[in-house]
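Notes follow once the structure below has been shown.
The values are calculated or read from the model by the stated rules, or taken from the named source; none is laboratory data. The structure displayed is predicted, hence computed values, not measured ones. Here the Cβ is made from the backbone with ideal geometry for all residues, glycine too, and neighbour counts use every protein chain on show.
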Amino acid sequence: MKIEYVLTKKDKTMIYLNQHYSNGFWGLVRLLGGPLLLVFGIIVFLFSEGLGRYVGIFSVMFGAYYGLRPLFSLLSESKEISDEHGFLSISRYGTLTVKDDNTETDVKKEYIKTYSLTKKYLIIRIFTSRSFLIQIPLECITGGNLKEFIAILKNFAEKR
């Protein structure tokens with residue numbers, strides 16, 4: 001069973017931001033950490049003297065960097081990001097094939113741990129020596145039968 005998809009530059013940007021900010025506690029730290037460090041640094045800078053002022057300056061600079069880091073990442077890679085045509089294929093024997101414009105990867109069923117189908121995304125988590133996340137917006141799926149694909153995927157992974 002196979003599903004095909006097309007990811008635009010905008011879709012890839014939204015996937016990156018969604019993954020960056022949606023990891024529970026750490027997503028909240030990423031979202032609020034920069035602005036809170038910035039405010040802390042300004043307060044320390046204004047109401048202290050000597051070494052405290054340097055701590056305030058450092059906090060302001062690090063808070064600004066931490067808050068703007070996703071923007072820096074997107075800007076540095078914006079020339080390399082292009083539309084991507086690909087497909088996900090899963091066999092009844094347990095091999096998930098992920099193919100895009102540049103690569104093709106086969107994943108054995110033992111490594112497919114969880115999947116979820118939200119209102120906007122199909123998400124598949126793969127655990128090898130590292131953890132991988134395949135996240136495809138449902139609106140980007142252009143071909144194949146998603147219901148059959150999910151039915152086969154249920155045999156190999158836990159629903160999350």
Q: Check SER76 against each of (1) surrounded by 11 or more Cβ atoms within 10 Å (Cβ to Cβ); (2) within 22 Å of MET14 (Cα to Cα); (3) out of contact with any Lys or Arg (no Cβ under 7 Å at 6 or more places or on another chain) and name the one condition it does not meet.
A: (1)
Q.
When the residues of segment 99-143 are narrowed to those that are acidic (Asp, Glu) and not in a strand (DSSP E or B), which ends up modelled with the lowest pLDDT?
A. ASP101
Q: Sort out for me the helices (runs of 4 or more DSSP H) sitting completely within segment 1-89 that have 3 or more residues that are modelled with pLDDT of 90 or more and touching a helix residue (DSSP H, G or I) at 6+ places or on another chain (Cβ under 8 Å).
A: 25-46, 51-77
**Q.** Filter result for LYS119 (closer than 25 Å to ALA157 by Cα, free of Cβ contacts under 8 Å to residues at least 24 places away in the same chain and of a type in the set (D, E, K, R))
**A.** yes
Q) ARG92 fails exactly one of the following numbered conditions: (1) assigned to a loop (DSSP other than H, G, I, E, B); (2) basic (Lys, Arg); (3) free of Cβ contacts under 8 Å to residues at least 40 places away in the same chain. What is the number of that condition? A) (3)
Q.
If I filter segment 109-119 down to residues being farther than 18 Å from PRO137 by Cβ and not charged (D, E, K, R), which single residue comes out as surrounded by the most Cβ atoms within 10 Å (Cβ to Cβ)?
A. ILE112
Q | Among (1) closer than 29 Å to LYS113 by Cβ; (2) over 25 Å from the mean Cα position of the chain (by Cα), the one test that LEU51 misses | A | (1)
Q. Among the candidates ASP106, ASP100, which residue alone is of a type in the set (Asp, Glu), under 19 Å from the mean Cα position of the chain (by Cα) and at negative phi?
A. ASP100
(Q) Report every pair of residues separated by at least 6 positions or lying on different chains whose Cβ atoms are under 6 Å apart, first residue within segment 3-22 and under 17 Å from GLU77 (Cβ atoms), second of a type in the set (Asp, Glu). (A) LEU7/GLU84; THR8/ASP83
Q) Going through segment 81-108 one residue at a time, which ones are crowded, with 17+ Cβ neighbours inside 10 Å and more than 26 Å from SER22 (Cα to Cα)? A) SER89, ILE90
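Here is a yes/no grid of residues against (1) hydrophobic (A, V, I, L, M, F, W, C); (2) under 22 Å from LYS9 (Cβ atoms); (3) outside the structural domain of VAL39 (by TED's automatic domain parsing); (4) in contact (Cβ under 8 Å) with a residue 12 or more places away in the chain:
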| site | (1), (2), (3), (4) |
| --- | --- |
| ALA64 | yes, no, no, yes |
| LYS99 | no, yes, yes, yes |
| LYS113 | no, no, yes, yes |
| THR128 | no, no, yes, yes |
| SER131 | no, no, yes, no |
| GLN135 | no, yes, yes, yes |
| LEU138 | yes, yes, yes, yes |
